[in-house]
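To start, the structure under review is shown below, and the notes come after it.
Only the coordinates and a few stated rules stand behind these numbers; no lab work does. Just so it is clear, the model here is predicted, and its values are computed rather than measured. Cβ coordinates were reconstructed from backbone atoms using ideal geometry, including for glycine residues, and neighbour counts include every protein chain displayed.
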Amino acid sequence: MGALEISEEALSRLADDALARVKRYWSALPELPAAPRSDGAATAALFARPWPEAGLGQAVLADFEAIAAHARPSGGKFFGYVVGSAEPVGVIGELMAAALNQNVTSWRSAPAATEIERAVIGWLGEAVGCAGFAGSLCGGGSAANLMALAMAREAKLPANESGVLSPGIVYASTEAHMAIPKAVALLGLGRDNLRRIPVDAELRMRVDALAAAIAADRAAGRRPIAIVATAGTVNIGAVDPLPALADLAAREDLWLHVDGAYGALAALAVPEKFAGLDRADSLALDAHKWLYQPIECGCLLYRDRARARAAFTDSGDYIRILNDSPAETFAFFEESMELSRRFRALKLWLSLQYHGRAAYRAAIAQDLRHAQLLAEAIAAEPALELVAPVPLSAVCFRHRAKDNVAILRRMLARGRVYVSNATIGGEFVLRACFVNHRATEADVRAIVSETLAAAEELNR
Ligand SMILES: Cc1ncc(COP(=O)(O)O)c(C=O)c1O
């Protein structure tokens, strides 16, 4: 027996024990506090330990409960950031994908996994009104945005061979996610060459201000290359005016990338809010946000696969494919920054088919309803104030009279609901975001009662 071999019997016991613990965790989720009861020192002390010389065997699984106690639960009380709720069929997909251990570089390495990923990409494209787009799954929205802007730069300012010789200018609104300046910096374009375009009263990019910025850059001899629209800004879920931005991009011969990491998958339930998405050159999605999948499950879609190949192809001889069949020569590594890739598509393949399209549409519609319900409850409460419109499922609000930072701290300590924060108009505000298939109406109402209870505690 090899040093790492496990007998069939021991493996079976281990797997049963692990699954039993996960099932107990799922059952306990509704009772768990919304935020872990831990502090930095206690958590570090639990897990700082030497690697034992002799193996511990099945006893290692006993850590699961301690890890869970120091983890943020994906229960129905979580409304922070933009984090999906780890739909359990997707979790089982993760396990099966890891067991199959496919390296989804290409058809040759992983035939079934490649076909499944391509099928899932087709479903996601259709779901957002972009049927026919190609693409791939990746770690998350940040990776998808980075790859999209690499494609944009290579299309409009080829630099893969000689480097970036003149700065290309990228345009995004002041509400765009930090993934955009990060991508611009990583691509060597320089953050100073990212123009942050002002927004209107609904926090959407102003097309007039964008047109003026492009004109000013051209007049100064600079080289505009891409517009980044956001379909669901991280703070409030604003959808930039996609048709007008697509018109402008076409007129100015600019790449149009849409960061739909938070919002675009809601097109499944409310396609009318996302008209114009199909005019993008590239689109970032995050199935670990609004398709409730366990992290990681980002996605990049694009209209023209030749643009992806221009940006990402650099095949060494050792991976050259010895086959003439188009299906069998397909390689994700020609269209992605990654070579070794996990079988991310399996969780989607299982979860999306297990529940069906109608159930996903209904879950997203419920999140949208929950957001409206919370907005109404806040509007009806004199001590609270809604601070921004609610176009999708993110609700920004504040207590009118109390310190909202202190309220947030108290709310997390109370543990009934988990909300996070945003900066709107330079002000710290509370924010609840609904991408949570487990949330109930009672959880939504608890956001208001907990904000008031936390404010009340500050008086004591
Ligand atoms: C609009 C937007 N873009 C990009 C991202 C980054 O996505 P990820 O965390 O998957 O890298 C987020 C995350 O919240 C987002 O809301």
Would you be so kind as to identify which of CYS396, ALA422, LEU408 lies farthest towards the positive end of the dipole of region 377-426, taking Lys and Arg as +1 and Asp and Glu as -1 on Cβ and the Cα centre as origin? LEU408
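Subtract the Cα-Cα distance of ASN103 and ALA380 from 0.36 nm times their separation in residues, and report this length gain in nm to one decimal.
Working: separation 277, 0.36 × 277 = 99.72 nm, distance 5.34 nm.
Taking 0.36 nm per residue and subtracting the Cα distance, the gain is 94.4 nm.
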Can you list, bin by bin at 10 Å, the percent of alpha carbon pairs in region 11-76, starting at 0? 18, 42, 33, 7, 0
What spacing in nm lies between the two simple spin-label points modelled at THR313 and ALA453, each 7 Å away from Cα in the Cβ direction? 6.0 nm
Rounded to the nearest 5, the percent of DSSP beta bridges in the chain running antiparallel is 60 percent
Once amide H atoms are built 1.01 Å from N in the peptide plane, which residues 5 or more positions from SER106, or in another chain, come under 5 Å H to H? PHE332
With a point put 7 Å past each Cα toward its Cβ, work out how far ASP192 is from ALA442 in nm, to one decimal. 5.8 nm
Total charge dipole magnitude, region 93-355, about the Cα centre, Cβ charges on Lys, Arg, Asp, Glu only, Debye to nearest 20: 340 debye
Hey, what number do you get for the chain at 222 nm if only DSSP H runs of n ≥ 4 count, each worth -39500 (n - 2.57), divided across all residues, to the nearest 500? -13000 deg cm²/dmol
Note, region 150-160: 3J(HN,Hα) by Karplus (6.51, -1.76, 1.60, θ = phi - 60°), whole Hz, Gly/Pro = x, goes 5, 5, 4, 5, 5, 6, 9, 8, x, 9, 4
Qualifying GluC sites (Glu not before Pro) in region 25-98, DSSP loop, other Cβ atoms within 10 Å at most 13: GLU53
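Between beta-carbons, use under 10 Å as the cut-off and find the net charge around ASN436, counting Lys and Arg +1, Asp and Glu -1. Can you show the working numbers first?
On the way: positive: LYS77, ARG438; negative: ASP367, ASP443.
Net charge around ASN436: 0.
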Spelling out what I want: for every residue of region 196-203, take phi, set θ = phi - 60°, compute 6.51 cos²θ - 1.76 cosθ + 1.60 (Karplus), and round to whole Hz; glycine and proline get x. 8, 8, x, 10, 8, 5, 9, 6
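Rg/Rh for region 193-282: what does it come to with C-alpha atoms and Rh from Kirkwood?
0.97
Give the shape of region 104-202 as rounded, prolate or oblate, defined through the alpha-carbon gyration tensor: a ≥ b ≥ c are the square roots of its eigenvalues, a/c under 1.5 means rounded, and otherwise the shape is prolate if a/b is larger than b/c and oblate if not. Provide the component values of the computation, followed by the final result.
On the way: a/c = 2.64, a/b = 1.49, b/c = 1.77.
Taking the square roots of the gyration eigenvalues as a ≥ b ≥ c, region 104-202 is oblate.
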In Å, the Kirkwood estimate of hydrodynamic radius for region 48-97 over Cα pairs equals 13.9 Å
Given Cα positions, please report Rg to Rh for the chain, the hydrodynamic radius being the Kirkwood one. 0.99
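If you put +1 on each Lys and Arg Cβ and -1 on each Asp and Glu Cβ, how big is the dipole of the chain around its Cα centre, in Debye rounded to 20?
Values: 48 positive and 52 negative charges, 169 e Å.
So the magnitude is around 820 debye.
Quote the relative contact order of region 265-422 in percent (integer), defining contacts as alpha-carbon pairs under 8 Å separated by 6+ residues. Provide the component values of the computation, followed by the final result.
Numbers: 134 pairs, mean separation 22.7, N = 158.
Across region 265-422, relative contact order equals 14 percent.
Between GLN353 and ASP304, 0.36 nm times their residue separation minus their Cα-Cα distance comes to what? All intermediate terms of the calculation are to be shown ahead of the outcome.
On the way: separation 49, 0.36 × 49 = 17.64 nm, distance 2.76 nm.
In short, 14.9 nm is gained.
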Toward the positive end of the charge dipole of region 76-230, about the Cα centre and with charges on Cβ (Lys, Arg +1; Asp, Glu -1), which of GLY93, ALA226, HIS177 goes farthest? ALA226
Return a whole-number percent for the relative contact order of the chain, with Cα pairs under 8 Å and 6 or more residues apart as the contact set. 22 percent
Calculate one ³J(HN,Hα) per residue across region 285-295 by plugging θ = phi - 60° into the Karplus curve 6.51 cos²θ - 1.76 cosθ + 1.60, and present them in order as whole Hz with x for glycine and proline. 10, 9, 6, 7, 9, 9, 10, 6, 6, x, 5
If amide H atoms are built 1.01 Å from N in the plane of the peptide, which residues on other chains or at least 5 residues away come under 5 Å of the amide H of ARG223? ILE169
Using alpha carbons only, how many angstrom separate the centre of region 163-180 from the centre of region 1-77? 42 Å
Can you list, bin by bin at 10 Å, the percent of alpha carbon pairs in region 240-345, starting at 0? 13, 35, 32, 18, 3
Amide H contacts under 5 Å for ASN421, placed H, 5+ residues apart: TYR81, ARG431
Note the count of lysine pairs whose C-alpha atoms are less than 30 angstrom apart in the chain, limited to pairs 8 or more residues apart or on different chains. 15
Projecting each Cα onto the charge dipole of the chain (Lys/Arg +1, Asp/Glu -1 at the beta carbon, about the Cα centre), which of VAL448, ALA383, VAL199 comes out farthest on the positive side? ALA383
With a cut-off of 8 Å between alpha carbons and a minimum separation of six or more residues, what is the relative contact order of region 404-452 in percent? 37 percent
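Does region 93-355 come out rounded, prolate or oblate, given a ≥ b ≥ c as the square roots of the eigenvalues of its C-alpha gyration tensor, rounded meaning a/c under 1.5 and, failing that, prolate meaning a/b above b/c?
Numbers: a/c = 2.17, a/b = 1.37, b/c = 1.59.
It is oblate, given that a/c is not under 1.5 and a/b is not larger than b/c.
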Using only the alpha carbons, work out the radius of gyration and Dmax of region 332-460 in angstrom. 18.6, 62
Modelled label-to-label distance, ARG49 and ARG13, 7 Å Cα→beta-carbon offset: nm? 1.9 nm
